[in-house]
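The values are calculated or read from the model by the stated rules, or taken from the named source; none is laboratory data. In this text the structure is predicted, and so the values were computed from the model without any measurement. So basically every Cβ, Gly included, is an ideal-geometry build from the backbone, and we count neighbours across all protein chains shown.
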Amino acid sequence: MIDLGLENRRAIVSGAGNIPERAGHGRHTTLQLARAGARLACIDVDAGRAESIADEARALGAEAHPIIADMTESKQVDRAIAEAVGVLGGIDVCVDIIGGARWNKVQDVTPEDWAWSIQNNLTQVFLFFQAVSRQMIVQGTGGSLVALASVDGTVAAAYHAPYGAAKAGMISLAKTFAYELGRHGIRVNIVAPGNVGNGNDDQPEGIWGTDEHNPLAPPRAVDIANAAIFLSSDLAARITGQTLIVDGGATIRQAWSITPETLHLYGGSQAG
């Protein structure tokens with residue numbers, strides 16, 4: 001059996017609670033960390049959500065502590081990290097889930113929408129990573145920082161431009177943190193989900209290529225969580241500054257409409 005190296009690791013998930021109308025990245029990531037044996041600090045702005053996910057993690061046999069904080073505010077971030085260190089004794093792993101989009105045409109995006117999107121998708125990651133990395137440097141034992149961006153940070157983000165710009169900023173930010181913190185044994189990586197929507201974990205296994213967007217299959221929230229767990233684990237011990245795209249292949253689509261049926265137009269063969 002492969003050892004992920006997460007047993008008894010002190011892990012923080014920012015945005016750990018489950019919002020029913022959302023994909024559930026925080027919940028899935030927290031529970032996967034619990035299954036891997038991590039000790040958990042479950043941060044959420046909503047007390048009920050923080051308590052609920054901590055209860056779920058405990059039901060799996062994990063140590064889990066709910067922490068209530070608005071992670072878009074610097075003072076609350078510092079307080080939440082101090083509370084996490086107080087209950088866990090330190091930090092080895094952190095995963096940031098928080099984010100959200102506001103939709104509009106580029107000519108109609110308001111300054112308020114822009115500011116909100118940058119604050120909730122980029123600034124909060126900076127504040128979180130900064131506070132956690134300070135703690136990890138003091139500890140002197142390295143660690144892993146992971147945040148969820150989006151494929152919209154790598155391609156166009158039509159009708160939600162501020163969100164795409166913020167996610168692209170996250171990808172750059174992670175590279176800079178990784179470069180500066182590598183000497184402390186701290187790894188920093190990004191998971192970029194595709195269109196998970198509001199959750200699709202009921203998809204049957206073994207069914208592929210069912211839509212025009214995902215050559216393999218649409219990604220599920222649990223797939224995103226598994227990517228975050230991988231990057232947090234010892235299996236990724238020499239991986240830093242990277243963005244792992246989990247999108248069922250949506251962003252690898254070709255620019256041309258070549259299909260098996262149209263191969264003959266390009267001098268190819270339809271055989272096989």
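With respect to ALA221, is the statement that it is small (Gly, Ala, Ser), modelled with pLDDT of 90 or more and farther than 19 Å from SER172 by Cβ true?
Yes, satisfied.
Taking the stated definitions as given, is VAL246 touching a strand residue (DSSP E or B) at 6+ places or on another chain (Cβ under 8 Å), modelled with pLDDT of 90 or more and either under 21 Å from VAL13 (Cβ atoms) or loosely packed, with under 12 Cβ neighbours inside 10 Å (or both)? Please lay out each step first, then the result.
On the way: touching a strand residue (DSSP E or B) at 6+ places or on another chain (Cβ under 8 Å): yes; modelled with pLDDT of 90 or more: yes; either under 21 Å from VAL13 (Cβ atoms) or loosely packed, with under 12 Cβ neighbours inside 10 Å (or both): yes.
Yes.
Here's the yes/no breakdown for (1) more than 15 Å from the chain's Cα centre (by Cα); (2) buried (at least 16 other Cβ atoms within 10 Å of the Cβ); (3) at pLDDT 95 or above:
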{"site": "PRO162", "(1), (2), (3)": "yes, yes, yes"}
{"site": "ALA174", "(1), (2), (3)": "no, yes, yes"}
{"site": "PHE177", "(1), (2), (3)": "yes, yes, yes"}
{"site": "GLU180", "(1), (2), (3)": "yes, no, yes"}
{"site": "VAL196", "(1), (2), (3)": "no, yes, no"}
{"site": "LEU263", "(1), (2), (3)": "yes, no, no"}
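Here's a check for you: in region 33-47, which residue that is assigned to a strand (DSSP E or B) and of a type in the set (A, V, I, L, M) is farthest from ASP92 (Cα to Cα)? Let's see the steps before the verdict.
Taking region 33-47 as the starting set, the residues that turn out to be assigned to a strand (DSSP E or B) are 39-44.
Within this subset, residues satisfying the condition of being of a type in the set (A, V, I, L, M) are 40-41, 43.
Working: LEU40: 10, ALA41: 11, ILE43: 15 Å.
Across region 33-47, the extreme among qualifying residues is ILE43.
When you go through (1) of a type in the set (A, V, I, L, M); (2) at pLDDT 95 or above; (3) not in a strand (DSSP E or B) one by one for ALA23, which number turns out not to apply?
Failing condition for ALA23: (2).
Out of curiosity, is ILE190 among the hydrophobic types (A, V, I, L, M, F, W, C), under 14 Å from the mean Cα position of the chain (by Cα) and outside any helix (DSSP H, G or I)? Lay out the reasoning, then the answer.
Numbers: among the hydrophobic types (A, V, I, L, M, F, W, C): yes; under 14 Å from the mean Cα position of the chain (by Cα): yes; outside any helix (DSSP H, G or I): yes.
Yes, satisfied.
THR29 versus (1) without any contact (Cβ under 8 Å) to a residue 40 or more places away in the chain; (2) outside any strand (DSSP E or B): which is the lone unmet condition?
(1)
Return the only residue of ALA178, ALA228 being under 22 Å from GLY24 (Cβ atoms) and touching a residue at least 40 places away in the same chain (Cβ under 8 Å).
Details: ALA178 fails: under 22 Å from GLY24 (Cβ atoms).
Only one candidate passes the filter, namely ALA228.
Kindly indicate whether any position in region 201-219 is assigned to a loop (DSSP other than H, G, I, E, B), touching a residue at least 40 places away in the same chain (Cβ under 8 Å) and surrounded by 16 or more Cβ atoms within 10 Å (Cβ to Cβ).
no
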